[in-house]
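See below for the structure under consideration.
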Amino acid sequence: MFKEFAKGLSITLKHLLPGNSTTVAYPKQKLEMSPRFRGLHRLVPTQHREKCVACYLCPTVCPAKCITVVSAENDKGEKYPEVYTIDMLRCIFCGYCVEACPVEAIEMTSAYELANFKREDFDFTKERLLRS
Amino acid sequence: MAVNNTETMTINMGPQHPSTHGVLQLILELDGEIVVKATPHIGFLHRGIEKLSEHRTYHQTIPLTDRLDYLAPMSNNLGYVLAVEKLLGMTDEIPERVQRIRVIMAELTRLKSHLVWLACHALDIGAMTVFLYCFRERENITDIYEKVSGARMTSNYFRVGGLSADLPDGLEQEIRTFAESMPAHIEEYEGLLTGNRIWQKRTIGVGKISAEAAIDIGITGPALRASGVDWDLRRDNPYSGYEDYDFEVPVREGCDTFDRYKVRLDEMRQASRIILQALDKLKPGPILADCPKIVLPNKQDVVNNIESLIHHFKIVTEGFKPEPGEIYQSVEAPKGELGFYLISDGSSHPFRMKIRPPSFVNLQGLPQMVEGRLLADVIAVIGTLDIVLGEIDR
Amino acid sequence: MTPEVLTLSETPWLFTAAMLIKVIVAFVVTLLIVAYATYAERKIIGRMQTRLGPTMTGPMGLLQPIADGLKLFFKEDIIPSQAHWFAFIIAPIMILAPAFLSIVVIPFGADFQFTYDGTLYAVPLQITDLNIGVLFILAMAGLGVYGIVLAGLASNSKYSLLGGIRSTAQMISYELAAGLSIVAIFMLSETLSMRGIVAAQQGPLWGLESLSFLPNWFIFSQPLAFLLFIVGSMAEINRTPFDLPEAETELVSGFCTEYSAMKYALFFMAEYANMITVSAIAATLFFGGWAGPFYGWINFLLKVFAFMFFFIWIRATFPRLRYDQLMFLGWKVMLPAALVNIVITGIAILLW
C-alpha cells in the first residue's frame with residue numbers, strides 16, 4: 001500500500017522539477033496556428049477590388065446560413081458583391097465556404113481571438129473581411 | 001408519542017454542477033448519504049441535429065455531426081460518412097489511403113476521448129493531477145487535428161468519398177512519435193491511480209452492472225466489455241479496413257468501475273498499436289474516390305476545366321441524390337456503438353436521420369448502478385459511464 | 001548569571017511591551033504565511049501538474065494573494081434570502097478565530113535574552129506557555145467544527161447541509177484518533193506544556209551517546225503516533241484526501257457553497273491557518289520544535305514549511321476517500337491503532 005502511495009508521490013514530485021511545464025503564459029505568449037487553421041475569414045483582394053464574383057456558392061453551401069451576399073455589376077460589367085456579410089455569431093467555422101469558392105476569393109486566417117462587446121461587432125462586413 | 005421523523009431528501013444535482021459532465025440533471029432522493037432513487041433528466045443541450053439534417057444536404061450535415069460527441073468528433077464524422085457512402089453504394093470505391101487515414105484518425109479520436117474521460121473521472125474522484133497529465137497528451141492530439149483539418153475540436157475532416165485534404169508533410173512522423181510515446185504516458189496515469197488504495201476503494205465494486213442487465217439496456221462499448229461481454233464492432237463487424245489490423249479487444253469480468261477503467265486504459269494501448277500498424281501500411285494514393293458526381297473536383301480543375309466547374313457548382317448547390325432506400329451503419333465510437341440510420345427519398349436531403357448515440361443508451365444504466373449506494377458513488381458512476389451530453393441530447 | 005523571566009508584577013511595562021510585540025509578530029507572520037500558502041499551493045500544484053501557476057500579478061505572480069484578497073474584499077457580499085443571517089455571518093468568524101488562536105501556545109524559538117537596566121532578562125518566544133498547551137489546541141480544533149456546522153445549517157442549502165454533516169462526523173471521529181495519538185507523546189514527555197515537550201526532545205536520541213548523530217525527537221520514538229497524527233490532522237483540517245465537506249465534485253463546494261466575497265475568503269484563510277497550526281504542532285511534538293542546525297525560529301519555520309509542502313504534495317497526488325470509507329478508517333483503523341500505541345508506550349515506559 002505504502003509503496004503505491006510513494007510511487008504516486010514520486011510521479012508528482014518528478015514533475016515539480018523545472019522544464020516540465022507544458023502550458024504557456026497565453027496572452028503574452030501565443031502558439032502558432034497551423035497553416036490549415038480555420039479562423040476568421042478573409043476576402044482576398046485583387047487590383048482595386050475583391051476577388052469575389054458573387055456567385056452565391058458560399059451562402060448556398062454554408063450549413064449555418066451565416067453568409068449574406070448581394071451581387072451587383074460594376075461599370076465594366078463585372079459581377080461583384082455589393083454586400084458581403086458574415087454573421088460570426090452564427091458561423092461554425094466549418095470551412096465549407098472556402099472549399100466551395102470557385103475563384104479562391106475567400107480564405108480563413110489564423111485569427112481566433114474574436115471576442116467582442118456588442119452584437120453588431122460580430123457582423124463582419126465586406127470592408128472588415130477585406131481588412132482582416 | 002413515537003414519531004418516525006426520518007424522511008428522504010430530494011437533491012437536485014445539475015444541470016449546473018461541476019461533475020455532471022455538461023448539463024445532465026439528476027434528481028436524487030437521498031436517505032442521509034444513500035441514494036434511494038436517481039432520475040436523470042436530459043435535453044438541456046438539445047439542438048435538433050437530427051431534424052436540422054433533414055434540411056441540409058448530405059454534405060452539409062458533416063459539420064453537425066462534429067457536435068454530437070464533441071470529445072470524439074472524427075468518430076462521429078466517420079460514422080456518418082460511412083453511412084452516406086453505404087447509402088450511395090460506394091463503400092467499395094473508397095481508396096485504400098483514405099481508409100488508412102480514417103482509421104488513424106478514428107483511433108487518435110479514441111485516445112482523445114478516453115483521455116478526457118480519464119481526466120474527468122480522476123478529477124471527479126479527487127485525483128486532480130491526472131487531469132492535467134491527460135490534457136497534456138490530449139493537446140498533442142488536438143495539435144494533430146489542427147494540422148490535418150484546421151480545427152482543434154470540430155474537425156469536419158472526412159468527406160463523403162474521401163477526405164477534405166491529405167495529411168500535411170511531416171505529420172505521419174508526428175503521429176508515429178505520439179503513438180509510440182503513449183504507452184509510457186499510460187504507465188504514468190496508472191502509477192498515480194491503479195495501485196493507489198484510495199483509488200481502488202473508490203472504484204472496485206462501485207457501479208456494478210451484470211452482463212445480462214447491460215445487454216438488456218443496450219449498453220455498448222467499454223462499459224459492456226468490462227461486464228464480460230466480448231463485443232467490439234471493429235472486430236465483429238469491421239468497417240474502413242479494420243480487419244487488416246492486429247489488435248486485441250480488452251474484456252474484463254468485474255462489471256465495476258475499476259474494470260471499466262482498466263478496459264479503457266487497455267483500449268488506449270491497443271489504439272496506439274492500431275495507429276502504428278496503420279502508419280506502416282499507409283501508402284501514397286488518391287484521397288478521394290473516383291466518383292465525379294459525388295466528390296468535389298480538384299480546385300485546380302475547377303479553375304481550368306469547364307466540366308469540373310459545372311460538377312463543382314452542381315455538387316455544391318444541389319448535393320448528390322442517393323437512390324431511395326434506408327440503411328444503418330454503426331461504428332465503434334470511443335463510447336460505444338454509434339449508429340446512423342438514414343432514409344433517403346431520392347432527394348439531396350436525408351428524409352430522416354436517426355442517430356443511435358452510445359452515451360444516451362449507456363446513461364440508462366445509471367439508476368440501477370447507483371441506487372442504494374452513496375452520493376459519492378454517483379459521481380464515480382457518471383464518470384465511468386463516460387457520457388457526453390452533446391450526444392445524449394443531440 | 002541566570003536570566004530573569006519577565007513577569008507582569010515585577011516588570012509590568014517590559015512584560016506588556018514584549019507581549020504585544022510577540023502577539024503582533026506572530027499574528028502578522030501567520031497571516032503572511034496564510035496568504036503565501038495559497039500562492040505556494042497554486043504554484044507547487046501548478047508545477048506538479050505541468051502548469052505554470054500564477055504568473056501575471058507582479059514578478060512571478062507574487063502579488064497574487066493580495067490581488068485575490070482585494071478582489072474578494074470588493075465583491076458583493078450575498079446573504080441568501082432564506083438563510084439564517086446571524087448564523088450565516090457568525091460562521092466564518094467561528095472558523096477563523098479558533099484557527100488563529102491555536103498559534104498562541106506554540107513555541108517558535110528558544111528564549112530571547114537581553115539586558116535592560118543591568119539585569120539580564122529572558123523572553124520565551126511563545127505568546128503564552130499554558131501548562132495545558134496541547135489540550136488548548138485540541139479544544140480550539142473542536143471549536144472550529146461549530147463554524148462549519150453553522151455554515152452548513154445557516155446557508156439553507158442542501159449541499160451545504162450535507163457538507164456540514166460530513167464535516168461534523170469527520171472532525172469528531174478524527175479528533176479522537178489524532179488526540180489519542182498525541183497522548184503517547186505526553187507519556188514520554190510527562191508534560192502538556194508545548195515548551196516542556198520541546199525541552200524533552202533536546203539531547204541525543206534516547207539519551208544514548210552512541211546515537212548522538214540523531215536528535216531525541218519523538219518521531220523516532222513514536223513513528224506510529226506521528227503517522228496517526230498526520231493522517232488525523234489532515235482529516236481534521238479537511239485537506240485532500242479527506243476534503244469531503246467541501247468535495248467540489250460532489251457537493252459543489254460543500255458548506256461554503258452559498259458564501260461569497262470576504263466571508264468565503266475567511267473560510268479559505270481558516271483552512272490555511274489550520275494547516276499552519278497543524279504543521280506547527282507536528283513540528284513541535286514530533287520534530288523537536290525549534291531545535292536544529294540554524295537559529296531557533298528559522299528551524300521552526302523550515303519545519304512548518306516542510307509540512308505544508310507535504311500537505312500540498314498529498315493534495316496534488318491522491319484521490320478523495322468516500323464518506324463511509326473515511327468513517328471506517330477513522331473508527332476501525334486509526335482509533336484502535338492509537339489505543340494500541342498508548343498501551344505499547346505505557347509498557348515500554350514501565351520496562352525502561
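The values are calculated or read from the model by the stated rules, or taken from the named source; none is laboratory data. Because the structure is predicted, anything quoted here is derived from the model rather than measured. Methodologically, a virtual Cβ is constructed for each residue, glycine included, from the backbone with ideal geometry; neighbour enumeration extends over all protein chains shown. Heads up: the accessible areas ignore ligands, DNA and RNA and are worked out on the full protein's heavy atoms, side chains in. Shrake-Rupley method; radii C 1.70, N 1.55, O 1.52, S 1.80 Å.
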Problem set entry | Positive minus negative residues near B:G372 (Lys, Arg vs Asp, Glu; Cβ under 12 Å) | -2
For this session: Quick one: compute the contact order of chain B, relative version, from alpha carbon pairs under 8 angstrom and 6+ residues apart, as a percent.
Result: 27 percent
Exercise. Which net charge results for the neighbourhood of B:Y245, defined as the other residues with beta-carbon distances under 11 angstrom from its beta-carbon, given Lys and Arg at +1 and Asp and Glu at -1?
Worked result: -1
Problem set entry | the stretch C:257-296, Rg to Rh (Cα coordinates; Rh as Kirkwood inverse mean 1/r) | 1.27
Problem set entry | chain C: relative contact order as a whole-number percent, Cα under 8 Å and 6+ apart | 22 percent
Exercise. Residue farthest toward the positive end of the dipole of the protein assembly as shown, with Cβ of Lys/Arg at +1 and Asp/Glu at -1: which of B:H21, C:I276, C:T115?
Worked result: C:T115
Exercise. Which value, in debye to the nearest 20, gives the size of the charge dipole of the protein assembly as shown about its Cα centre, when Lys and Arg are +1 and Asp and Glu are -1 at the Cβ?
Worked result: 760 debye
Seminar exercise, completed: Once phi for every residue in the stretch B:171-179 is put through the Karplus expression 6.51 cos²θ - 1.76 cosθ + 1.60 (θ = phi - 60°), the whole-Hz ³J(HN,Hα) values, with Gly and Pro written as x, are 6, 4, 5, 5, 5, 4, 4, 5, 5
Exercise. What ranking of A:E99, B:E267 comes out by heavy-atom accessible area, probe 1.4 Å, highest first?
Worked result: A:E99, B:E267
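Among B:M90, B:M153, what's the order by accessible area (1.4 angstrom probe), most exposed first?
On the way: B:M90 5, B:M153 75 Å².
Descending accessible area places them as B:M153, B:M90.
What ranking of C:T168, B:T142 comes out by heavy-atom accessible area, probe 1.4 Å, highest first?
Most to least solvent-accessible, the answer reads C:T168, B:T142.
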For this session: Amide H neighbours of C:R320 under 5 Å, at least 5 residues apart or on other chains, H built in the peptide plane: list them.
Result: B:G126, B:A127
Exercise. Could you give me the ³J(HN,Hα) list for the stretch B:186-192, computed from phi with Karplus coefficients 6.51, -1.76, 1.60 and θ = phi - 60°, whole Hz, x at Gly and Pro?
Worked result: 5, 4, 5, 5, 5, x, 7
Problem set entry | For B:Q25, distant residues with modelled amide H under 5 Å away | B:H41
Exercise. For peptide B:158-166, how many partner chain Cβ atoms fall within 10 Å of a residue's Cβ, on average?
Worked result: 1
Exercise. Near B:N298, within a Cβ-to-Cβ distance under 14 Å, what is the net charge of the other residues, with Lys and Arg +1 and Asp and Glu -1?
Worked result: -4
Exercise. Once phi is turned into ³J(HN,Hα) by the Karplus curve 6.51 cos²θ - 1.76 cosθ + 1.60 with θ = phi - 60°, what whole-Hz value does each residue of the stretch A:110-125 show in order, with x for glycine and proline?
Worked result: 9, 6, 10, 8, 10, 5, 7, 9, 10, 4, 5, 5, 9, 7, 8, 7
For this session: Would you mind checking which residues have amide H under 5 Å from C:D111's amide H? H placed 1.01 Å from N; only 5 or more apart, or other chain.
Result: C:L125
Exercise. Per-residue accessible area for C:Y264 at 1.4 Å probe radius, Å² rounded to 10?
Worked result: 60 Å²
For this session: Please give the solvent-accessible surface of C:M308 in Å², to the nearest 10, using a probe radius of 1.4 Å with every protein chain present.
Result: 10 Å²
Exercise. For chain C, what does -39500 (n - 2.57) per DSSP helix run (n ≥ 4), summed and divided by total residues, give at 222 nm, in deg cm²/dmol to the nearest 500?
Worked result: -21000 deg cm²/dmol
Exercise. In debye, nearest 20: dipole of the stretch B:181-288 around its Cα centre with unit charges on the Cβ of K, R (+) and D, E (-)?
Worked result: 380 debye
Exercise. Which of B:R136, B:R260, B:R252 moves the most in a Gaussian network model of chain B with Cα springs under 10 Å?
Worked result: B:R136
Problem set entry | Contact order normalised by residue count of the stretch B:1-101, Cα under 8 Å, 6+ apart, percent | 13 percent
For this session: Quick one: angle between helix A:2-16 and the longest Cα principal axis of chain A, in degrees between 0 and 90, rounded to 10, please.
Result: 50 degrees
Problem set entry | Peptide-level mean, for B:143-153, of C-beta atoms on other protein chains within 10 Å | 5
Problem set entry | Among C:P59, C:A87, C:F100 the positive-end extreme of the charge dipole of the stretch C:39-118 (Cβ point charges) | C:P59
Exercise. In the Gaussian network model of chain A, springs joining C-alpha atoms below 10 Å, which of A:N116, A:N20, A:N74 carries the largest mean-square fluctuation?
Worked result: A:N20
Problem set entry | Span-like helix ranges in chain C, DSSP H, alpha carbon extent 20 angstrom or more, Kyte mean at least 0.5 | C:12-48, C:85-101, C:133-154, C:158-189, C:261-286, C:296-317, C:335-351
For this session: Given the options B:N196, B:N305, B:N237, state which has the largest fluctuation in a GNM of chain B using a 10 Å cut-off (strictly under) for Cα springs.
Result: B:N305
For this session: Measure nothing but the geometry: give the 0 to 90° angle between the long axis through the Cα atoms of B:375-385 and the longest principal axis through the Cα atoms of chain B, rounded to 10°.
Result: 20 degrees
Exercise. Probe 1.4 Å, all protein chains in place: accessible area of B:D301 in Å², nearest 10?
Worked result: 70 Å²
